[in-house]
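The values are calculated or read from the model by the stated rules, or taken from the named source; none is laboratory data. Being a predicted model, the structure only gives us computed values, none of them experimental. Positions of Cβ are backbone-derived with ideal geometry, glycine not excepted, and every protein chain shown enters the neighbour counts. Side chains are part of the model used for accessible areas, which takes the heavy atoms of the whole protein and leaves out ligands, DNA and RNA. Shrake-Rupley method; radii C 1.70, N 1.55, O 1.52, S 1.80 Å.
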Amino acid sequence: MTIDGQTLADWKRHLHDEADAAFLYQVLADCEPKAVRQEVFLRLVDVERRHVDVWRDVFKSHGIEVDLPTPSLRARTMAWVARRCGPGFLTGLLLREEGQEVSGYIQLHRDSAPGAARDAALVLARESAQHARALGSLTNARCEPWHRTASSGFLRNIVYGFNDGLTANFGLVAGMIGADVPAAVVLVSGVAGAIADSLSMGASGYLAAKSESEVWQHEISKERDEIRLMPEIETDELALIYEAKGIPAGHARAMAEEIIADPERALEEKAREELGIGESHTTPFREGWVTGLATLVGAFIPVAPFMLLDGAAAMWTSLVIAMTAHFLVGAMRTFFTGRGVIRSGIDMFVVGLGVAAVGYFVGDAVARLLTN
């Protein structure tokens, strides 16, 4: 069978990646002071070297002889840093790369025609997953590194949308005040800014939620393939999840085997327990309008006094209300950051004050340039 240039290049990339991994695991073993961890790295060296031989055999099956690759410049650079900074630096990077290999080999298995490369991709995907799990145990990783998940929430959208609208429009209003324009102009500019900012944030919220949904679907698709192609590894992982919850090992294993036997049930369980993806209670449209509306409410706070008052009274009222709102929204952010209420509130107060000061002086400077 004739191999096209792109396929050949992909195979060579995988070959060199495996050779680099073997080299780097050997570096980790050499500079690891703990015997238990060193043993893990040495086992990974042996397996990665076998992976190199697997790829060389794939080339040989198509009549192509390839030499044993030497470490790349990137691998040598990483090794140099690891020898000076310790194995912890390199372990995290290799964990991520093992995760990328799992995804790459699963995709290669999907796309390849039946043959040595397709069979090798499945074997290597399974063993790379095992490597990632072994490295994860050394780095306390809590999930599979080849999966990326994101989280969002109704309250989070409200707080951050409100914060964006408040801060951005407060800066705009302060700039108009610095330019010493009539209150009516401040009001019109503030209302226009509020609407523009809310539409922008709403669109961003919609697109972000839509992208997140697409990422989830992609991750679920990969998990479906893993259940089909690597049921024994997925059974082990599910059993470990149950054991971590306090279920006895034997019972956890039996539960995992029963669930993996039903692919759809297994997919639902793995998505929830491993990826943290449950049933969605929102839609991109809802995420968009919630974020946009919260932004609009926040943006109207520094503008509202100009609807009822005039002159200095409107300016000082806007300042007091906006700064108070900055403190409160900073305090509300502690739901997500875990920081102290007062400290977080003061942080946002300072940010709001800084934005107002910059806006004011920029407005003043622009007005002076225009009048000179």
Between the stretch 1-34 and the stretch 163-191, the Cα center-to-center distance that results, in Å: 57 Å
Order of exposure, largest accessible area first, which applies to 34, 270 with probe 1.4 Å: 34, 270
Sort 260, 346 by heavy-atom solvent-accessible area, probe 1.4 angstrom, most to least. 346, 260
What ranking of 46, 236 comes out by heavy-atom accessible area, probe 1.4 Å, highest first? 46, 236
Extended-chain gain in nm, criterion 0.36 nm per residue less alpha-carbon gap, residue 200 and residue 83: 37.3 nm
Angle, helix 341-371 long axis vs. longest principal axis of the chain, Cα atoms, 0 to 90°, nearest 10? 60 degrees
Accessible area in square angstrom per residue, the chain, 1.4 angstrom probe: 52 Å²
Quick one: accessible surface of residue 369, probe radius 1.4 Å, all protein chains present, in square angstrom to the nearest 10. 130 Å²
How large a share of the accessible area of the chain, in percent, is made up of carbon and sulfur atoms when the probe is 1.4 Å and the other protein chains stay in place? 61 percent
Solvent-accessible area of residue 206, probe 1.4 Å, all protein chains present, reported in Å² to the nearest ten, please. 90 Å²
Potential extension, residue 111-residue 74 segment - 0.36 nm per residue separation minus Cα distance: 10.5 nm
With n ≥ 4 as the cut-off for DSSP H runs, can you work out [θ] at 222 nm for the chain, using -39500 (n - 2.57) per run divided by the number of residues, rounded to the nearest 500? -28000 deg cm²/dmol
Between residue 367 and residue 4, what is the label-to-label distance in nm when each label sits 7 Å out along the Cα-to-Cβ direction? 6.5 nm
Applying a 10 Å radius around every beta-carbon, put 318-331, 64-77, 6-19 in order of their mean neighbour count, most first. 318-331, 6-19, 64-77
At a Cα cut-off below 18 Å, give the lysines reachable from residue 60, other chains included and same-chain residues fewer than 8 away excluded. 12
